[in-house]
Amino acid sequence: MHLPPFTGAAEWLNTEPLGPADLGGRVVLVNFWTLTCINWLRQEPYVRAWSQAYRDDGLVVVGVHTPEFGFEHDVEWVRRAVAARSIDYPVAVDNDYAIWSAFDNHYWPALYFADTGGVIRDEHFGEGRYEQSEQMLQQLLGIDRAPVPVHGLGPEAEADWNNLRTPETYLGFSRGVHFASPNGPALDERRAYHLPEGLGLNQWALAGEWTIGAESVVVDRAGGSIAFRFHARDAHLVLAPGAGGSIPFRVLLDGTPPGPSHGDDVDADGHGVLHDGRLYQLVRQDGTVRERTLEVTFDEPGAAAYAFTFG
């Protein structure tokens, strides 16, 4: 298969639109991503390092941002993600899935490796396989050197796979599972919810007034909270603000402030602020990883929560 043209992008970041003439004679690495994807976040330090290490050898990395959630169509959120991750290679904003469809892609993240003739020589879906991917780049570039050192920080750090016992969990009713508030969910309807007496592993529940929509659950009144019983080193929550702007929130672990187990987006007392639509790291367990109950309470209405992810 030859590299399809990158036509149909809503916008390009870090570059003018790229066509076949711009990529001819270059090795091209195409990276499909979406800004809230924890798997992409953990892969990104490698792609970023390869772009910087091999661009003078003839490598061009092209990021293709194809949104999973509705709010990810907002180019401003994509632009902020590019800045936050220090991405300096070209990024096509693929809001209409035009490039995704041209590649017949089905995954975030996805890597496609094309040689100087534009022939796709390799592909990889998901995290991992970094050494083999870098070897493929070197082979296509005709070079042989030591691999680039990579060390992911914050949400970019590799997962603690040995202690990861909780899967990604969507909250909207189209894909939501393991909802444990008494009396079940009311769909597309504002309603008061309560936490059960206890949560089983990988169950979640709401307290306060919420609306459960297809993609997300939305806080309708200040003081609404969401709780999740998980077993993992890291806990993340994909959030987007309402029209009102920034929304303060508080994170508790087993009913107390997280202390040294706080994530990048909260302090030791559990305080954080929802500014941007993105993934927020709420917990990074300090010391022995064990089963915990996470509770997030929002001080203002309007916050939309889409999915929990773990690492």
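The values are calculated or read from the model by the stated rules, or taken from the named source; none is laboratory data. None of the values given here were measured: they were computed from a predicted structure. With ideal geometry, Cβ positions are generated from the backbone for all residues, glycine too; neighbour counts draw on all protein chains shown. Surface areas here come from the heavy atoms of the whole protein model, side chains and all, with no ligands, DNA or RNA. Shrake-Rupley method; radii C 1.70, N 1.55, O 1.52, S 1.80 Å.
One residue stands out in the stretch 66-78 among those that are open to solvent by less than 10 Å² (accessible area, probe 1.4 Å) and assigned to a helix (DSSP H, G or I): the one that is farthest from F308 (Cα to Cα), namely V78. The condition (being touching a residue at least 12 places away in the same chain (Cβ under 8 Å), farther than 17 Å from R233 by Cα, touching a strand residue (DSSP E or B) at 6+ places or on another chain (Cβ under 7 Å) and not aromatic (F, W, Y)) is satisfied by just one residue among G311, G270, G302: G302. Within the stretch 280-303, if we keep just the residues that are open to solvent by less than 10 Å² (accessible area, probe 1.4 Å) and of a type in the set (A, V, I, L, M, F, W, C), the residue that is farthest from D269 (Cα to Cα) turns out to be A303. Looking only at the stretch 118-127, residues that are more than 15 Å from W50 (Cβ to Cβ) and free of Cβ contacts under 8 Å to residues at least 24 places away in the same chain come to 3 in all. Scanning the stretch 21-41 for residues that are at pLDDT 95 or above and in a loop (DSSP other than H, G, I, E, B) gives R26, T34, L35, T36, C37. Just one of (1) in a loop (DSSP other than H, G, I, E, B); (2) open to solvent by 50 Å² or more (accessible area, probe 1.4 Å) fails for F6. It is (2). Can you tell me how many residues in the stretch 198-222 are within 18 Å of L253 (Cα to Cα), open to solvent by 10 Å² or more (accessible area, probe 1.4 Å) and modelled with pLDDT of 95 or more? The total comes to 6. Does N183 qualify as being over 28 Å from T34 (Cα atoms) and either out of contact with any His (no Cβ under 8 Å at 6 or more places or on another chain) or among the hydroxyl-bearing types (S, T, Y) (or both)? Yes, satisfied.
Taken together, S246, S225 contain a single residue that is of a type in the set (S, T, Y), closer than 30 Å to D286 by Cα and open to solvent by less than 30 Å² (accessible area, probe 1.4 Å), which is S225. Of the residues making up the stretch 130-143, just one is surrounded by fewer than 16 Cβ atoms within 10 Å (Cβ to Cβ) and in contact with a helix residue (DSSP H, G or I) (Cβ under 6 Å, 6 or more places away or on another chain), namely I143. A Cβ distance below 9 Å, combined with a sequence gap of six or more or placement on separate chains, defines the contacts here; from the stretch 219-235, residues that are within 20 Å of G302 (Cβ to Cβ) reach residues that are at pLDDT below 95 and surrounded by fewer than 20 Cβ atoms within 10 Å (Cβ to Cβ) in the pairs V219/G242. In summary, strands (runs of 3 or more DSSP E) completely within the stretch 220-311 and bearing 2 or more residues that are under 15 Å from D160 (Cβ atoms) occur at 225-231, 234-240, 278-284, 291-298, 304-310.
Please go through the stretch 42-65 and give me each residue that is in contact with a strand residue (DSSP E or B) (Cβ under 6 Å, 6 or more places away or on another chain) and either in a strand (DSSP E or B) or touching a residue at least 40 places away in the same chain (Cβ under 8 Å) (or both), ordered by number. Answer for the stretch 42-65, where residues must be in contact with a strand residue (DSSP E or B) (Cβ under 6 Å, 6 or more places away or on another chain) and either in a strand (DSSP E or B) or touching a residue at least 40 places away in the same chain (Cβ under 8 Å) (or both): V47, G58, L59, V60, V61, V62, G63, V64, H65. Tell me which residues, restricted to the stretch 127-160, are at positive phi and out of contact with any strand residue (DSSP E or B) (no Cβ under 8 Å at 6 or more places or on another chain). Matches in the stretch 127-160: G128, R129, G142.
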